1. If r is the Cβ-Cβ distance from Leu4 to Gln61 and R0 is 30 Å, what FRET efficiency results, to the nearest 0.05?
2. Using square roots of five times the C-alpha gyration tensor eigenvalues, list the equivalent-ellipsoid semi-axes of segment 47-124 in whole Å, biggest first.
3. Mind pulling up the Rg/Rh value for the chain? Radius of gyration and Kirkwood radius, both on Cα.
4. For segment 28-181, with every protein chain kept in place, what is the accessible area per residue (1.4 Å probe, Å²)?
5. Convert 20 °C to kelvin, take the viscosity as 1.002 mPa s, use the Kirkwood radius over C-alpha pairs of segment 97-181 as Rh, and evaluate the Stokes-Einstein diffusion coefficient in µm²/s, rounded to a whole number.
6. Can you send over the carbon and sulfur percentage of the accessible area for segment 65-181, probe radius 1.4 Å, protein chains only?
7. What area, in nm² and to one decimal, does the C-alpha convex hull of segment 4-72 cast on average over all directions?
8. Distance from the Cα centre of segment 23-67 to that of segment 120-181, in angstrom?
Amino acid sequence: GDLLALFAERARLLGNKLGPVLVQLAPNFGPIELPALAGFLPSLPHDIDFAIEFRQRGWIQDGILALLAEHRVALALTDARWIPRRTMLAAAERPTADFAYLRWMGPNRDLVDYSRVQVDRSRELAAWAAVLPALARRARVYGYVNNHFAGHAPASLRELQQLLGMSVVDPDDLGDQMRLL
């Protein structure tokens, strides 16, 4: 309780720059831990948006989604190896808060060169692009792309923008960038 209060106090200093806070559960935190989750959710401050990421498919069920909705906590929709994409795409049809939190993480961690796309994730991005417009009509959507998804997060994001019919800025059109070294 004290740590959460201190965290919330410090997070509030971000003002309108504060987006949703992700609560990422450990891979071994399974549905048997439901009492702990049910005790934790009411302790979350109501003035900060929270999303929760489960790493076991057993969490994605009607009762859990209802519990999250009761506390206005978003289910983190994660494209990763621990929960099948079709399960997450289906969950996107039932947001549990007035915002949605998506994470394109990718299934593996063997990518180490993040300067270019190395895995074609066009099919996965197309599947998400098909559900995002309907989700955006029901909730504010926050999305985060990890470099492990395809090898280069900015390129993955540009591809998703194209699929959604959004304007895409070519990196070459950004002009000179500040060099740190």
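The values are calculated or read from the model by the stated rules, or taken from the named source; none is laboratory data. Not measured: the values here are computed from a predicted model. Cβ coordinates were reconstructed from backbone atoms using ideal geometry, including for glycine residues, and neighbour counts include every protein chain displayed. Each accessible area value is taken on the protein alone, full model and side chains, heavy atoms only, with ligands, DNA and RNA left out. Shrake-Rupley method; radii C 1.70, N 1.55, O 1.52, S 1.80 Å.
1. FRET efficiency, Leu4 to Gln61: 0.70.
2. The three semi-axes for segment 47-124 are 26, 14, 11 Å.
3. Computed over Cα atoms, the ratio is 0.99.
4. I get 56 Å² per residue for this part.
5. 151 µm²/s
6. Carbon plus sulfur share of accessible area: 52 percent.
7. 4.8 nm²
8. If we compute the Cα centre of each part, the gap is 27 Å.
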